[in-house]
Amino acid sequence: MQARAAEDLKKRVTDGLVEAGLTYAGAAAFSTPRRLTLALEGLLAESPTVREERKGPKVGAPDKAIEGFLRGAGLTRDQLEERDTPKGAVYFAAIEKPGRPAAAIIAEVLEDTVRNFPWSKSMRWGTGSLRWVRPLHSILCVLSDEAGATVVDLDIDGIKSGNTTHGHRFMAPDEIIVTGFEDYAAKLKRAHVVLDTAERQQAIWQEATNQAFARGLEVVEDKGLLAEVAGLVEWPVVLLGDIDAEFLELPPEVLQTSMKEHQKFFSVRNPKTGRIEGFVTVANRETADQGATILAGNQKVLSARLADAKFFWANDLRVAKSETGMAAWAEKLSNVTFHNKLGTQAARIDRIAALAREIAPVVGADADLAEQAARVAKADLSSEMVYEFPELQGLMGRYYAEAAGLPQEVANACEMHYSPLGPSDDVPTEPVSVAVALADKLDTLTGFWAIDEKPTGSKDPYALRRAALGVIRLVLENDVRMSLFAVLKEQANEVAEGVAGVENQLFIQSGQAEELEAEFIKNMGVEDILAYLNEKDELEEGDRKEFEQGISFLERISDLLTFFHDRLKVFLRDQGIRHDVIDACIAMEGNDDLTLLVKRARALEDFLKSEDGENLLQGFKRANNILSQAEEKDGVEYSYGADVKFAEDDSEKALFAALAASEGAISTAIEAEDFAAAMGGTAALRAPVDAFFEAVQVNSDNEVVRRNRLNLLSQIRKVCGQVADLSRIEA
């Protein structure tokens with residue numbers, strides 16, 4: 001909360017001062033466990049005088065209107081000025097607001113800031129009404145210039161401002177009088193308080209690494225823990241301790257997690273063995289015995305914690321090595337609810353195992369190993385160690401799978417199937433791990449979409465955006481080729497069939513199912529599809545509800561695919577690919593093959609950066625605009641019938657030839673998924689398209705020639721449209 005509070009203090013005070021007309025040159029905020037500080041430089045001595053002019057009623061207006069205007073302006077009638085305007089004589093008032101001293105403005109702004117500070121949690125104490133994160137003891141508010149320092153007069157719930165503070169709570173508790181920020185920071189440091197959080201972090205890390213290096217060890221880097229510990233102390237004193245030998249055989253991750261979560265200790269590793277052999281704790285004071293008593297107390301508490309971890313480890317290993325092995329833990333998950341609408345963890349594991357087996361050939365994994373890995377990947381959730389340290393799930397699964405003698409690919413999948421957890425997390429590359437990781441995330445997404453529990457706005461309680469990004473990264477970084485829509489549809493059916501109470505779980509089971517899906521994928525809505533079937537006399541009255549439910553289910557899966565596309569846009573935008581380029585590729589057939597989609601998008605992005613690409617895009621848009629306007633005006637679609645025999649100009653004939661040559665080259669390249677070559681074939685159209693528009697007027701007076709040229713424009717749209725929907729590209 002400290003870093004956020006420092007920024008909030010800075011923003012609220014500076015915004016308030018500027019709004020009141022008091023500008024400044026620079027601002028910096030600082031925080032410690034016991035103080036929140038803001039320093040401003042170059043502050044004006046007073047706010048400038050502001051002159052405001054207001055237009056009033058017309059001369060001769062009713063007295064009540066004029067008196068109301070005078071009251072609002074705070075003036076008398078003799079202070080009004082008459083001016084001629086196009087609408088006649090009008091009264092104007094010149095209102096002058098004199099500047100105010102900086103101290104008066106600061107007092108108002110600071111009091112408002114303190115009373116309305118946006119703490120996420122706050123408390124009230126004593127008999128006052130003030131709320132703060134902890135009881136507020138003092139307010140130091142000093143305004144200094146060349147002439148000296150003055151205290152800004154302020155009283156908030158009986159806490160009066162002054163020019164005094166106190167140093168370290170134990171090492172220098174006496175009162176300190178300050179005259180300005182530099183004096184304040186210097187005197188605090190002499191009083192054993194390091195004001196700057198970054199300076200405390202640097203001091204902790206430097207001393208910790210120096211002490212570890214002196215003993216041939218190294219500190220395990222943890223930036224989050226470093227920031228947290230720096231927020232717990234004002235005068236950091238680094239102490240290096242040893243872990244008892246009886247705990248050194250515990251997995252290093254167990255030692256790290258226990259020390260970090262319970263004690264806020266840094267782990268110290270032996271680089272030769274990789275074992276965690278020591279710890280670093282940060283005290284808040286210096287002692288006569290150089291921290292020996294503090295260190296001894298910490299070691300005693302740590303030994304008790306690690307004794308628990310050792311007990312859990314021994315018990316879990318005994319189960320993993322038993323005859324039943326990890327299967328005993330997996331059976332317990334039948335009593336663990338994953339979600340009240342989606343059943344138990346055991347039911348979910350059955351679905352994941354089946355899906356992992358289906359995905360395995362696609363990612364080059366052994367189907368039996370993929371299913372086996374999926375069935376034990378979450379077994380460690382029943383272990384004592386993971387119950388105590390949930391953050392170790394997956395990792396402990398690998399240790400227990402190895403202890404149980406399972407294949408190494410299975411053990412690795414236990415650890416890696418949760419990955420990637422974020423945009424910077426490593427992506428599994430081992431085929432079995434990829435299969436299980438994909439199955440896990442796809443089942444989560446299809447399950448929550450099936451019960452209509454999608455992310456809304458900034459709320460995403462089940463981390464579904466993260467799961468979708470994980471699928472995208474797994475697919476792209478492992479070059480996985482699959483129809484995502486088909487996988488999502490089949491898995492959603494598995495969810496619907498296995499879980500009672502899922503709405504719209506009835507899927508289309510009829511002779512027209514494939515045909516219906518094909519039409520649905522063309523973005524036809526429910527009513528459109530029903531009308532389509534009615535026209536063909538293939539929808540009996542009793543089947544209407546069944547089809548409506550089936551189509552609704554398909555709509556949810558299509559919506560989930562759109563969700564993937566939205567996540568993909570964010571992912572690719574960070575890699576420099578424009579959103580409209582992605583939209584142009586999503587509009588193409590096969591947009592549920594993410595690897596193919598991204599391959600097309602990258603090629604299109606590169607093409608549009610070239611001179612040929614940019615010029616051809618302008619030619620395409622010109623052709624598309626002329627054609628669209630003509631089709632709307634004439635009420636017909638010019639999509640066929642262009643014939644070279646009606647061509648009147650050489651440029652027109654050249655364009656016919658170029659389109660004929662390019663169409664075949666582009667389609668051949670696209671079939672081979674060589675999108676760079678396809679873009680190159682499109683680039684060959686640039687010159688003939690440019691020449692055509694320079695030499696020819698499309699809307700000729702000769703109606704036959706006009707229709708032929710419009711059909712030729714349609715041919716341009718068709719040929720260029722093979723690579724992407726260029727109409728979606730922004731000019």
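The values are calculated or read from the model by the stated rules, or taken from the named source; none is laboratory data. All of these numbers come straight from a predicted model, not from anything done at the bench. Glycine gets a Cβ as well: all are built from the backbone with ideal geometry, and neighbour counts include every protein chain shown.
Brief remarks follow.
- Residue in region 1-17 that is nearest to A104 (Cα to Cα), counting only those that are of a type in the set (A, V, I, L, M, F, W, C) and surrounded by fewer than 17 Cβ atoms within 10 Å (Cβ to Cβ): A3
- Tabulated pairs, region 609-636, first more than 18 Å from R578 (Cβ to Cβ), second exposed (fewer than 12 other Cβ atoms within 10 Å of the Cβ) and among the β-branched types (V, I, T), C-beta under 9 angstrom, 6+ apart or interchain: A630/V636
- From D222, D289, residue being among the acidic types (D, E) and either surrounded by 14 or more Cβ atoms within 10 Å (Cβ to Cβ) or closer than 29 Å to F30 by Cβ (or both): D222
- Within region 82-107, the set of residues being among the acidic types (D, E) and more than 58 Å from the chain's Cα centre (by Cα) comprises E82, D84.
- Subset of region 69-81 (residues that are assigned to a helix (DSSP H, G or I) and either hydrophobic (A, V, I, L, M, F, W, C) or over 54 Å from the mean Cα position of the chain (by Cα) (or both)): F69, L70, A73, R77, D78, Q79
- All of (1) in contact with a helix residue (DSSP H, G or I) (Cβ under 8 Å, 6 or more places away or on another chain); (2) within 29 Å of L80 (Cα to Cα) hold for K55 with one exception: (1).
- Just one residue in the set S382, S424 is farther than 24 Å from V475 by Cα, surrounded by fewer than 24 Cβ atoms within 10 Å (Cβ to Cβ) and among the small types (G, A, S); that residue is S382.
- Filter result for W329 (among the hydrophobic types (A, V, I, L, M, F, W, C), surrounded by 14 or more Cβ atoms within 10 Å (Cβ to Cβ) and touching a Pro at 6+ places or on another chain (Cβ under 9 Å)): no
- Criterion: over 24 Å from D145 (Cα atoms) and not charged (D, E, K, R) - qualifying residue of F69, F30: F69
- Hits in region 387-421 (condition: crowded, with 22+ Cβ neighbours inside 10 Å and among the hydroxyl-bearing types (S, T, Y)): Y399, Y400
- Taking region 459-522 as the region of interest, the helices (runs of 4 or more DSSP H) fully inside it that hold 2 or more residues being at pLDDT 95 or above are 464-477.
- Residue satisfying condition, being under 28 Å from A687 (Cα atoms), polar (S, T, N, Q) and within 35 Å of the chain's Cα centre (by Cα), within set S610, S628: S610
- Region 345-377: number of residues that are in a loop (DSSP other than H, G, I, E, B) and among the hydrophobic types (A, V, I, L, M, F, W, C): 2
- Residue list for region 381-391, restricted to those being of a type outside the set (S, T, Y) and closer than 21 Å to S322 by Cβ: L381, E384, M385, V386, E388
- Hits in region 228-286 - residues which are touching a strand residue (DSSP E or B) at 6+ places or on another chain (Cβ under 6 Å), within 16 Å of A304 (Cβ to Cβ) and charged (D, E, K, R): D242
- Sole exception among (1) surrounded by 13 or more Cβ atoms within 10 Å (Cβ to Cβ); (2) polar (S, T, N, Q); (3) assigned to a loop (DSSP other than H, G, I, E, B) for T113, by number: (3)
- Filtering E228, E234, E207 for residues that are surrounded by fewer than 15 Cβ atoms within 10 Å (Cβ to Cβ), outside the structural domain of Y184 (by TED's automatic domain parsing) and not hydroxyl-bearing (S, T, Y) leaves a single hit, E228.
- Residues of region 116-144 satisfying the condition of being of a type in the set (S, T, Y) and either more than 19 Å from S161 (Cα to Cα) or without any contact (Cβ under 8 Å) to a residue 12 or more places away in the chain (or both): S120, S122, T127
- Listed conditions (1) modelled with pLDDT under 95; (2) more than 21 Å from N210 (Cβ to Cβ) are all met by Q290, apart from (2).
- Checking each residue in region 638-685 for being β-branched (V, I, T), surrounded by fewer than 16 Cβ atoms within 10 Å (Cβ to Cβ) and under 44 Å from the mean Cα position of the chain (by Cα) picks out only T668.
- Taken together, K341, K260 contain a single residue that is under 39 Å from the mean Cα position of the chain (by Cα) and within 19 Å of E388 (Cα to Cα), which is K260.
- Residues in region 6-43 that are within 17 Å of V193 (Cβ to Cβ) and outside any strand (DSSP E or B): A6, T32, P33, R34, R35.
- Residue under evaluation L342, criteria (1) surrounded by fewer than 23 Cβ atoms within 10 Å (Cβ to Cβ); (2) touching a helix residue (DSSP H, G or I) at 6+ places or on another chain (Cβ under 6 Å); (3) over 22 Å from M482 (Cα atoms), criterion not met: (1)
- Pick from region 580-605, criterion of a type in the set (D, E), at pLDDT 90 or above and under 13 Å from V723 (Cα atoms), ranking: nearest to the chain's Cα centre (by Cα): D583
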